[in-house]
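A quick write-up on the structure given underneath.
The values are calculated or read from the model by the stated rules, or taken from the named source; none is laboratory data. The shown structure was predicted, so the numbers you read here are calculated from the model rather than taken from an experiment. Here the Cβ is made from the backbone with ideal geometry for all residues, glycine too, and neighbour counts use every protein chain on show. Quick note on the areas: whole protein, heavy atoms, side chains included, nothing else; ligands and nucleic acids left out. Shrake-Rupley method; radii C 1.70, N 1.55, O 1.52, S 1.80 Å.
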Amino acid sequence: MTFLCTRNGLTAAASLLALAIAHPLRAESSPANAAAAPLTLPSGATGLEPQLENGRQVYLASQFERFAPQTALDMVRQIPGFSITQVSNDRGLGEASQNVLINGQRVTGKSNDAETALSRIAVSSVQRLEIADAATFNVSGINGQVLNIVAREGRLKGNFAWRGETREKIGANGRTGEVNLSGRLGKGDFTLGLSNDDGFRGGAWGEEFTRAPDGTLLYTRAIEARNRGDRPRLAGSYNLKADNGNIFNINGALEFFRFRRKSDFVRFAPGTPDIDELQRSREDEWNYELGGDYEFGIGPGRLKLVGFRRFEHSPITSEFRRDFIDGTPPQGQRFERRIDEGETVMRSEYRWKAGPADWQVSLEGALNYLDAEAELFQLAGTAYQPVPVPGATSRVEEKRGQAIWAYGRPLSPTLSVQASVGGEYSQLGQTGAGGSNRTFWRPKAFVALSWKATPTLSFSSKFQRKVGQLSFFDFLASVDVQNGNNNANNPELVPPQSWLWENEANWSLGKAGSIKFKLDGELISDLVDQIPISLTEEAVGNLPSAKRLRGEINGSFVLDAISFKGAKLDALLAWQATSVRDPLLLVGRPISNRGRSYWNIDFRHDIPDTQWAWGLFAEDNYDNGFYRLDYFGRESRTGPFVQAYVEHKNVLGLKVRGTVMNLAGQREQAREIFYLNRRNGPVDFTRQGDYRYGTFYRLNVSGTF
């Protein structure tokens, strides 16, 4: 936890609307359009025990009443042993990456992820929640458990949440919250949300000690840092299903991000005048995202056409200034960047059944680009003067096409297989100094097996050839105005590839909860890391190979089974081992900036026959550290981050929660080593920091209307 394609971007959505006109959607007839009959809790189901139905674990909304949920997301977060995977940073849209479906449909988009979509669905619209292996839902690309939310909108409904927070030296933040609407619009369903869910006010304060290689103290710095950000976002979706089976979905979002950071340092050493240092950075971003899909029957199968467009404009400034008490002229640098990023994707999927087998052919085309203009200014006297930065201003663009053939079928009543084979062709180009144009052909494939060993125990395994996504920023030169950790540009960067093996076991304990085991192994080629460009420069580049092994155990226990009524305990433990050959020392080391271990414990007690609940949460992690050719740094924590809360589920119809965070007084510590030239040479100096961020006090108020 750290506190410190086309020129017309709307072409994809316009094409989908044109297709909707060409293949008109007929509204569902009255019987299908009528409200579904209310479902009741199956006989024998108690608490959070799922019912088994056609190989699926089924939960009904009534099973979550003790948590007083207000959205579908509130319910999903209480399903024993299930957690929503994050949006993949894989290339384009590709196959599914998140393990959530809504009425059997993927959520199209990237920033419009599953959690965002679920937070806009009122709990009264949820009919049931189904969990099964991805093969059961015929979802290509996902391994392990998948959740399908069966929901139907009716009358206009809404929910809102407000979060206020204050802490020592930081002050109050009351600008975080959201309001969502959902209901029927014409013959379809809509959701609309306005939020500033990621608004924050943060900071830290502490001391840093800089020492010579022999341990002699050179100077001390007192630091006080503040940062604040707001991310107001308007997002919505609309979906329509016709009685002939045609399905139309569209979603979009408009977002603004305003960020400010200021760090004040006072640098002092015995017998020398104090030095004041100031670091400031800011960003004023806006972006939009528009995605949609249209699905209809044609021939023996169904064709889905998907379009997606995202654009982001981000002016970013970072400045560092040093003022001397003894009258020495001040020193400083300012680095400015103006960034435009865009991604346009068009995708088609045609699927059909042939006996027990499911087949799918998909084609995808994408255009990604980054336009960057950058300027560096050096303080000379009282004015900043421009300084050239070769390779910092450039356009990076990738045109990509992909074709995948996928197949899936049951091999027995308890065993199923999925497989795909295909590849991608891409053209990667960069303008500016040292720019180049290159083409690549990359094969892609996977095979996955799912085995339902018993009604309560399942195994899944997936072996995949994967192509990673590059950050286009890594092609460009960049300047670190505070620490001098600069990067040269590198137009020869290539996407990483890997052989990935993912394994998952899910053991349902019935009314007592569940346990999940995961084990992943990866052999990586062309790992993205720091490499030498010249005798004095380094850049982001590729290392030939690397290895990664990760394990995770996740347990969710409903303690009613041991007579602790209303109590639930979730625990997660994950570890990761990585290895890469260091380009300087020519020996193995961990992959830079990857976590080594993480754990958390989440306890909640809903006191029976009352509206009260309370809970505790604790987490901690350990990182491998960050390697540059002339630097090594690692952040660590002094102990777990602990929080406790008390919640009342009906205060004048509202749910109110008070939370106290960082009860154990966790601090962040940093250890840095700066080298005279490279890490295979002598040390210049070391720095150790100890930073505090105080105790947090948070108030959450939420309700429905």
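Brief remarks follow.
- Expected-Rg normalisation [2.2 N^0.38 Å, Cα atoms] applied to the stretch 232-279: 2.84
- Once the chain from residue 482 to residue 352 is taken as fully extended at 0.36 nm per residue, the excess over their C-alpha distance is 41.0 nm.
- Residue-normalised accessible area of the chain, given per residue in Å² at a 1.4 Å probe: 45
- Value of Rg to Rh for the stretch 266-408, rounded to two decimals, is 1.32; Kirkwood radius and Rg both from alpha-carbon coordinates.
- The smallest convex shape that holds all Cα atoms of the chain, its convex hull, gives 172 Å³ per residue.
- For the stretch 205-215, 3J(HN,Hα) per residue [Karplus equation, 6.51 cos²θ - 1.76 cosθ + 1.60, θ = phi - 60°, Hz, x = Gly/Pro]: 8, x, 10, 10, 10, 9, 10, 6, x, 7, x
- Partners for residue 304 among aspartates and glutamates (Cα-Cα distance below 14 Å; same-chain residues under 8 apart left out): 95, 293, 295, 349, 364
- The stretch 571-617 - Debye-derived log10 I(q)/I(0), Cα point model, q = 0.25, 0.28, 0.34 Å⁻¹: -0.90, -0.98, -1.13
- 3J(HN,Hα) from dihedral phi, the stretch 274-286, Karplus parametrisation 6.51/-1.76/1.60, rounded to Hz, x for glycine, proline: 5, 10, 9, 10, 9, 10, 9, 8, 8, 8, 10, 9, 9
- Here the stretch 632-705 and the stretch 192-234 have alpha carbon centers that stand 11 Å from each other.
- Zone of residue 403's modelled label, taken as backbone nitrogen in the stretch 427-469 under 18 Å from a point 7 Å along Cα→Cβ: 427, 440-446
- Under the convention that each Lys and Arg Cβ holds +1 and each Asp and Glu Cβ holds -1, the size of the dipole of the chain around its Cα centre is about 1300 debye.
- Residue (of 677, 292, 540) at the positive-pole extreme of the chain, dipole from beta-carbon charges: 292
- Burial order of peptide ranges 201-214, 671-684 (average beta-carbon count within 10 Å, highest first): 201-214, 671-684
- Under-5 Å amide H pairs with residue 156, H placed in peptide plane, nonlocal only: 184
- Stretch gain in nm, segment residue 688-residue 537, where the contour uses 0.36 nm per residue and the Cα spacing is subtracted: 51.8 nm
- Note on residue 452: aspartates and glutamates with a C-alpha under 15 Å away, same-chain residues under 8 apart excluded, are 53, 133, 504.
- Calculated SAXS-style log₁₀ I(q)/I(0) at q = 0.21 Å⁻¹ - the stretch 488-548, Debye, Cα scatterers: -0.83
- Applying the Karplus relation 6.51 cos²θ - 1.76 cosθ + 1.60 with θ = phi - 60° to the stretch 236-253 yields 3J(HN,Hα) values of x, 8, 9, 9, 9, 10, 8, 5, 8, x, 5, 10, 10, 10, 8, 9, x, 8 Hz, where x marks Gly and Pro.
- 10 Å-binned pair-distance histogram of the stretch 614-697 (Cα, whole percent): 16, 30, 22, 16, 10, 5, 1
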